[in-house]
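Just so it is clear, none of the values below were taken in a lab; they were calculated from the coordinates. Note that the structure is predicted; figures quoted are calculated from it, not measured. Every residue, glycine among them, receives a Cβ derived from its backbone with ideal geometry; neighbour counts consider all protein chains shown.
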Amino acid sequence: MIFIDTSILVDILRSKQIESSKLLFKGLQAGDKGFVSVITVAELSAGAYRSPRKDALEKTFKLLSLVHIIDLTTDIAVEGGKIYARLVERGEEIEMNDCLIAATSLSLSIHKIVTRDIDHFCRIANIEAVTPEDLGF
């Protein structure tokens, strides 16, 4: 099971795709289970609506069809708030969206997040932040 941050999907949606992220998604097409937070859906949708490309939203949903989208629950929201508060207390604040994505991953007992934002996710207890390259893609 692979939990994927928004940044990896952005790699795929860009016109200049990053090869390792592309290979990761080919693995998902071959049967690996990939998961994303519904927060990622919101972030990607915002990007698609702002894009000058007419097919941006369609491409976004086609890509999202390859992964399992995990909805935000009250428990996940509370855990995300706890993660955020602890980071603020330590002077290591990151975006709330990243805290919610991490909390979603932890709710599935997945402690590894594939991301380009290593510096954000590595601050969160019980999360290992890795790139596709770290996984051999």
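The test for being without any contact (Cβ under 8 Å) to a residue 24 or more places away in the chain and in contact with a Cys (Cβ under 9 Å, 6 or more places away or on another chain) does not hold for residue 54. Only one of the numbered conditions (1) in contact (Cβ under 8 Å) with a residue 40 or more places away in the chain; (2) in contact with a Ser or Thr (Cβ under 6 Å, 6 or more places away or on another chain) is violated by residue 48, and that is (1). Within the stretch 39-52, the set of residues being of a type in the set (A, V, I, L, M) and surrounded by fewer than 16 Cβ atoms within 10 Å (Cβ to Cβ) comprises 42, 46. Working only within the stretch 1-28, note down all residues that are within 10 Å of the chain's Cα centre (by Cα), aliphatic (A, V, I, L, M) and part of a helix (DSSP H, G or I). Scanning the stretch 1-28 gives 8, 9, 10. The number of residues in the stretch 55-85 being among the polar types (S, T, N, Q) and under 16 Å from residue 102 (Cβ atoms) comes to 1.
Suppose we filter the stretch 53-80 for residues that are among the basic types (Lys, Arg) and surrounded by 14 or more Cβ atoms within 10 Å (Cβ to Cβ); how many remain? Within the stretch 53-80, residues that are among the basic types (Lys, Arg) and surrounded by 14 or more Cβ atoms within 10 Å (Cβ to Cβ) number 1.
Here the strands (runs of 3 or more DSSP E) wholly within the stretch 40-137 that include at least 1 residues being among the acidic types (Asp, Glu) are 128-130. In the set (1) touching a helix residue (DSSP H, G or I) at 6+ places or on another chain (Cβ under 7 Å); (2) in contact (Cβ under 8 Å) with a residue 60 or more places away in the chain, the condition left unmet by residue 105 is number (1).
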